[in-house]
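Participant: Just dropping this structure here.
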Protein chains: 2
Amino acid sequence: MANQNRQVLLKRRPAGMPTTADFEIVDAPLPEAGEGEVLVRGIYLSLDPYMRGRISGARSYAKPVAIGAVMEGRVVGEVVKSRDPAFGEGDYVFGGYGWQLFSAIPGKGLLKLDPEDAPLSTALGVLGMPGLTAYVGLSNIGQPQSGETVVVSAASGAVGAVAGQLAKRSGARVVGIAGGADKCRYVEAELGLDACIDHRAGDLGAALDRICPNGVDVYFENVGGAVQQAVFPRLNDFGRMIMCGMVAEYNDVEPRPGPNLMAAVRKRLKIHGFIVGDQWHRWDEYRTMAAPLVRGGALKYREDIVEGLDVAPAAFIGLLQGRNFGKLLVRLDDDPTRGR
Amino acid sequence: MANQNRQVLLKRRPAGMPTTADFEIVDAPLPEAGEGEVLVRGIYLSLDPYMRGRISGARSYAKPVAIGAVMEGRVVGEVVKSRDPAFGEGDYVFGGYGWQLFSAIPGKGLLKLDPEDAPLSTALGVLGMPGLTAYVGLSNIGQPQSGETVVVSAASGAVGAVAGQLAKRSGARVVGIAGGADKCRYVEAELGLDACIDHRAGDLGAALDRICPNGVDVYFENVGGAVQQAVFPRLNDFGRMIMCGMVAEYNDVEPRPGPNLMAAVRKRLKIHGFIVGDQWHRWDEYRTMAAPLVRGGALKYREDIVEGLDVAPAAFIGLLQGRNFGKLLVRLDDDPTRGR
C-alpha cells in the first residue's frame with residue numbers, strides 16, 4: 001500500500017476551456033482517520049461535466065472549489081482503516097471525497113457498496129449520479145408517453161445513455177444525438193435507440209426533420225449550443241424540455257443568447273431545469289428499479305476508464321470536448337486484484 | 001335598430017406594427033338567423049393582444065384570420081331574434097363572433113349572461129378570458145406561496161391586474177411593472193400591489209434590485225422584450241416563469257434572442273407556456289370564485305372603452321403600443337339604454 005497521498009488541486013480558475021496548467025498535482029501525507037472517521041483508498045474517481053461549474057467563479061447552485069483546494073468528485077473506494085463501527089476494513093464504499101488517492105472522512109458521509117449487487121464502478125455511472133439524473137429528469141419532467149418522440153443529446157454519455165434506454169422502456173420512439181459515427185453506431189446497436197444523429201455530420205436540423213417527421217415531444221438536454229438551436233424549434237405543442245445541462249457552453253466566457261420564449265407560449269412548452277443533488281431521496285428507488293436491469297443486461301452501459309490520478313485533468317478536459325466515449329472514470333488503484 | 005351590418009375585415013397581413021390600412025371597414029347586409037341560430041346585436045367588442053398572432057401568417061396555436069375575413073374577437077351582445085329555443089329576445093349573451101355589429105350564429109356557440117351577476121362588460125375582462133388567463137397561469141404554474149415575491153408585467157392590463165390581485169390574495173409580496181406613472185399609481189393605490197415599477201422611468205434592473213431585494217420567485221410574463229431581460233436574471237432558485245404572452249415583441253419581424261437557458265438548470269427554473277383556450281373547462285370554477293369578489297369590490301378592474309366599431313383598428317394598434325389603460329373594449333351600440 002502506498003504510504004502517501006496524492007491529490008489534484010485547483011490552481012486557478014480557467015478562462016474558457018480549462019488546460020492542465022489550471023490544476024496542480026501534489027503529494028501529501030497519508031491522512032489519519034479521527035474518531036468516527038474512515039480511511040478510504042480510492043479505486044475509481046468519477047469525472048463529470050458539472051465539475052466545470054465548480055471551478056468557475058460564477059454564482060451557481062453549489063459553492064465553487066477554492067483555489068488550492070482538492071478538486072471535488074465522487075469516488076468508489078475500499079476502507080483501509082475504520083474508526084467508525086459501521087465500517088470494517090475491506091468494505092467497499094462510495095462518497096464524495098475528491099480527486100485524491102486517499103481520504104479520511106466521517107463514516108456518515110459514505111454509502112456501503114455490495115460488489116455482488118453490481119460492479120463497483122457502476123455506483124459512479126449507470127447506478128450512480130448520472131443514472132439517477134436520467135431517471136429523475138424523465139420521471140419528474142419528461143414523462144414520455146407511448147408513441148411520443150423523445151430526443152436525447154449526448155446520447156452515448158453517462159446520463160444520455162440511461163435517459164435514452166429508460167425513454168425506450170416507456171414506449172416512446174427515441175432518437176439520440178451524439179458526436180461521431182462510432183458513438184451513433186453504439187447508441188443504435190447497443191443501447192437500442194430507434195436512431196442516432198451525428199451532430200458533426202452536417203445539417204442537424206435537416207436530419208431532425210427527416211428522422212423526427214412528427215416533431216419532438218420530449219427533449220433531454222445535456223448539450224446546449226448548436227444542438228439546442230436545432231432541437232428547440234422542432235418541439236411539438238405541449239413539448240417538455242428537460243434542462244439537465246449544456247456542456248457545449250460550459251467554457252463560454254459570455255453566455256450565448258437562448259431561444260425566443262414566445263414559442264413556450266404558443267406551444268405550451270414546459271422548460272424545466274433540475275439538479276440531481278436535490279433528488280438524492282430517490283436514489284434507493286432508482287437503484288431498486290435499475291440494478292436488476294443492469295445485472296440482467298437490459299440496461300446497458302459503457303465505461304471509458306483512464307489509468308491513474310495524474311491523467312485526471314487531461315481526461316476532464318477531454319470530457320468537456322466530447323472526446324470520452326461512455327462514462328468517464330479514472331482508475332486510482334494500480335492493484336488489479338482490488339474491486340474490479 | 002340599424003338595418004344593416006358593419007364589419008372590420010383583415011385587408012392584408014401587417015409587416016411589423018399594424019396600421020389602420022391593414023384593415024377594411026365595410027357595410028354588409030343584416031344577417032339572417034337560420035334554424036338553430038340566433039341574431040345578436042353586439043354591445044361590447046373585446047380587443048386583446050393575442051389578436052396580433054391571428055393576423056400574422058406565422059404558424060401558431062390557432063388558425064389565422066383569412067385575408068378578407070371578419071376580424072376575430074369576443075363580443076357581449078343582446079339577442080334580437082332567436083331561432084334556438086334556448087334563447088329569447090333580450091337575452092344577453094357572450095360569444096366569439098368577431099369585429100362586427102351583428103352576427104347570426106348557432107345558439108350552442110353562445111353563453112347567456114345575467115346582468116345581475118356582474119356588469120355585462122366584465123364577461124370580456126375581469127370575469128372573462130383575461131381573468132381566467134390570470135387565474136390558470138397562477139394556479140397551474142406560478143403557485144405563489146406566502147412570503148414569496150411575485151412580479152407581474154403589464155400589471156395594469158386586463159390580465160396583469162387580475163394576476164397581481166390574485167397573487168396578493170395568496171399572501172405573496174407582489175410587484176407590478178407598468179408603463180408610466182399613472183398606471184403605476186393605479187396598480188399601487190387601486191389594485192393594492194406592494195409596489196409598481198415604471199419600466200419607462202430608467203434602469204429597470206436597478207429598480208428591481210431595489211424593490212425586490214430577495215429576488216423574484218414567480219414572474220407572470222405578459223410583455224417580453226426589455227422587461228423580460230431585466231426580470232429573468234433575477235429569478236430565484238426554484239423560480240417559476242408563467243409564460244402568458246410577450247406583447248412587446250408581437251410586431252417583431254425577426255424573433256429576438258431569448259435568455260440563455262443554463263440558468264434554468266442552475267436555478268431549477270420552471271418556464272411554462274400556456275394558452276387560455278386550453279383551459280375553458282375552468283371557466284365556471286373561476287367565475288364562481290371571482291364574481292363575488294368583483295361584486296364586493298375586492299377584485300378591482302378598470303375598463304378603457306372606445307366608442308364605435310370604426311375606431312377598433314386604431315384602438316387595437318394602441319393596445320399593441322401599451323396606450324390603453326385597463327381592459328380595452330369597443331362599444332358597438334350607440335343606444336345608451338342597452339346593457340350598460
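Participant: Considering each of A:G224, A:G215 in turn, give the residue that is within 23 Å of the chain's Cα centre (by Cα) and at pLDDT 95 or above. Please lay out each step first, then the result.
Facilitator: Values: A:G215 fails: within 23 Å of the chain's Cα centre (by Cα).
After ruling out the rest, the residue left standing is A:G224.
Participant: Additional query: Which residue out of B:D310, B:D217 is in contact with a Gly (Cβ under 7 Å, 6 or more places away or on another chain) and more than 12 Å from chain A (Cβ to nearest Cβ)?
Facilitator: Among B:D310, B:D217, only B:D217 is in contact with a Gly (Cβ under 7 Å, 6 or more places away or on another chain) and more than 12 Å from chain A (Cβ to nearest Cβ).
Participant: Would it be correct to say that A:R323 is crowded, with 16+ Cβ neighbours inside 10 Å, on the phi < 0 side of the Ramachandran plot and away from chain B (no Cβ under 14 Å)?
Facilitator: Answer is no for this residue.
Participant: Let me ask something else. Go through the residues of the range A:163-182 one by one and say whether even a single one is of a type in the set (S, T, Y), buried (at least 23 other Cβ atoms within 10 Å of the Cβ) and within 25 Å of A:F274 (Cα to Cα).
Facilitator: Within the range A:163-182 (the criterion being of a type in the set (S, T, Y), buried (at least 23 other Cβ atoms within 10 Å of the Cβ) and within 25 Å of A:F274 (Cα to Cα)), the answer is no, since none of the residues qualifies.
Participant: What are the residues in the range B:3-18 that are in a loop (DSSP other than H, G, I, E, B) and loosely packed, with under 13 Cβ neighbours inside 10 Å, if any?
Facilitator: B:N3, B:A15, B:G16
Participant: Then there's this: Cβ-Cβ under 9 Å, sequence separation 6+ or interchain: first residue in the range A:42-56 and free of Cβ contacts under 8 Å to residues at least 60 places away in the same chain, partner of a type in the set (S, T, N, Q). Which pairs?
Facilitator: Correct list of pairs: A:R54/A:S60.
Participant: Out of B:A248, B:A312, B:A298, B:A264, report the one residue that is modelled with pLDDT under 95 and of a type in the set (A, V, I, L, M).
Facilitator: Testing whether each residue is modelled with pLDDT under 95 and of a type in the set (A, V, I, L, M) leaves just B:A248.
Participant: Do you know which of the residues in the range A:277-307 that are surrounded by fewer than 17 Cβ atoms within 10 Å (Cβ to Cβ) and within 14 Å of chain B (Cβ to nearest Cβ) is nearest to B:I242 (Cα to Cα)?
Facilitator: A:D278
Participant: For the range A:109-155, name all the residues that are touching a Cys at 6+ places or on another chain (Cβ under 8 Å) and either over 15 Å from A:G245 (Cβ atoms) or not small (G, A, S) (or both).
Facilitator: Within the range A:109-155, A:T133, A:T149, A:V151 meet the criteria.
Participant: Quickly run through the range A:148-191 and pick out the residues that are closer than 15 Å to A:G125 by Cβ, among the aliphatic types (A, V, I, L, M) and out of contact with any helix residue (DSSP H, G or I) (no Cβ under 7 Å at 6 or more places or on another chain).
Facilitator: A:A161
Participant: Still on this model: Quick test for you: out of A:F87, A:F94, A:F23, A:F102, pick the one residue that is touching a helix residue (DSSP H, G or I) at 6+ places or on another chain (Cβ under 9 Å) and more than 30 Å from B:V265 (Cα to Cα).
Facilitator: Being touching a helix residue (DSSP H, G or I) at 6+ places or on another chain (Cβ under 9 Å) and more than 30 Å from B:V265 (Cα to Cα) holds for just one of A:F87, A:F94, A:F23, A:F102, which is A:F87.
Participant: Kindly indicate whether A:N222 is within 12 Å of another protein chain (Cβ to nearest Cβ), of a type in the set (S, T, N, Q) and either surrounded by 22 or more Cβ atoms within 10 Å (Cβ to Cβ) or within 21 Å of A:S156 (Cα to Cα) (or both).
Facilitator: When the stated conditions are applied, A:N222 passes them.
Participant: Which residues, counting only those in the range B:225-237, are at the interface with chain A (Cβ under 10 Å from one of its Cβ atoms) and buried (at least 22 other Cβ atoms within 10 Å of the Cβ)?
Facilitator: Listed by number, the residues that qualify are B:Q228, B:F232.
Participant: Quick one: in the range B:135-162, which of the residues that are more than 18 Å from B:C196 (Cα to Cα) and polar (S, T, N, Q) is surrounded by the most Cβ atoms within 10 Å (Cβ to Cβ)?
Facilitator: Per the stated criteria, the residue is B:S139.
Participant: Further, regarding this structure: Which members of the range B:238-276 meet the condition of being more than 7 Å from chain A (Cβ to nearest Cβ) and either at positive phi or of a type in the set (D, E, K, R) (or both)?
Facilitator: Of everything in the range B:238-276, those that are more than 7 Å from chain A (Cβ to nearest Cβ) and either at positive phi or of a type in the set (D, E, K, R) (or both) turn out to be B:F238, B:R240, B:D252, B:E254.
Participant: Could you grab me the full set of residues in the range A:57-73 that are over 23 Å from A:L329 (Cβ atoms), more than 11 Å from chain B (Cβ to nearest Cβ) and out of contact with any Gly (no Cβ under 7 Å at 6 or more places or on another chain)?
Facilitator: Within the range A:57-73, A:G57, A:K63, A:A66, A:I67, A:G68 qualify.
Participant: I need every pair where a residue in the range B:126-139 that is touching a residue at least 40 places away in the same chain (Cβ under 8 Å) and in the same structural domain as B:A158 (by TED's automatic domain parsing) has its Cβ under 6 Å from the Cβ of a residue that is polar (S, T, N, Q) and surrounded by fewer than 24 Cβ atoms within 10 Å (Cβ to Cβ), sequence separation at least 6 or different chains.
Facilitator: Filtered contacts from the range B:126-139: B:V136/B:Q279.
To keep it simple, each residue is scored yes or no on (1) within 24 Å of the chain's Cα centre (by Cα); (2) of a type outside the set (S, T, N, Q).
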site	(1), (2)
A:R12	yes, yes
A:G16	yes, yes
A:V38	no, yes
A:R41	yes, yes
A:S46	yes, no
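Participant: At least 2 residues that are free of Cβ contacts under 8 Å to residues at least 24 places away in the same chain, under 30 Å from B:N236 (Cβ atoms) and touching a strand residue (DSSP E or B) at 6+ places or on another chain (Cβ under 7 Å) in each: list the helices (runs of 4 or more DSSP H) lying fully within the range A:239-325 that qualify.
Facilitator: Once the helices (runs of 4 or more DSSP H) in the range A:239-325 are filtered for at least 2 residues that are free of Cβ contacts under 8 Å to residues at least 24 places away in the same chain, under 30 Å from B:N236 (Cβ atoms) and touching a strand residue (DSSP E or B) at 6+ places or on another chain (Cβ under 7 Å), what remains is A:262-266.
Participant: Which residues, taken from the range A:82-111, are surrounded by fewer than 17 Cβ atoms within 10 Å (Cβ to Cβ) and either touching a strand residue (DSSP E or B) at 6+ places or on another chain (Cβ under 9 Å) or outside the structural domain of A:G34 (by TED's automatic domain parsing) (or both)?
Facilitator: A:R83, A:A86, A:G88, A:E89, A:G90, A:G96, A:P106, A:G109, A:L111
Participant: Test A:F316 against the stated conditions and say whether it is within 14 Å of chain B (Cβ to nearest Cβ), aromatic (F, W, Y) and surrounded by 22 or more Cβ atoms within 10 Å (Cβ to Cβ). First the steps, then the outcome.
Facilitator: Working: within 14 Å of chain B (Cβ to nearest Cβ): no; aromatic (F, W, Y): yes; surrounded by 22 or more Cβ atoms within 10 Å (Cβ to Cβ): yes.
It is false that A:F316 is within 14 Å of chain B (Cβ to nearest Cβ), aromatic (F, W, Y) and surrounded by 22 or more Cβ atoms within 10 Å (Cβ to Cβ).
Participant: Regarding the range B:257-264, can at least one residue be identified that is more than 30 Å from A:R256 (Cα to Cα) and surrounded by fewer than 20 Cβ atoms within 10 Å (Cβ to Cβ)?
Facilitator: No, the range B:257-264 has no match at all.
Participant: Taking the range A:119-134, which residues are in a loop (DSSP other than H, G, I, E, B) and surrounded by 23 or more Cβ atoms within 10 Å (Cβ to Cβ)?
Facilitator: A:G125, A:V126, A:L127, A:G128
Participant: Tell me, yes or no, whether the range A:328-338 has at least one residue that is part of a helix (DSSP H, G or I) and either more than 14 Å from every other protein chain (Cβ to nearest Cβ) or modelled with pLDDT of 95 or more (or both).
Facilitator: No, the range A:328-338 contains no residue that is part of a helix (DSSP H, G or I) and either more than 14 Å from every other protein chain (Cβ to nearest Cβ) or modelled with pLDDT of 95 or more (or both).
The values are calculated or read from the model by the stated rules, or taken from the named source; none is laboratory data. Since we're looking at a predicted model, the values are computed, not measured. Quick reminder, even Gly has a Cβ in these numbers, built from the backbone with ideal geometry, and neighbours come from all protein chains shown.
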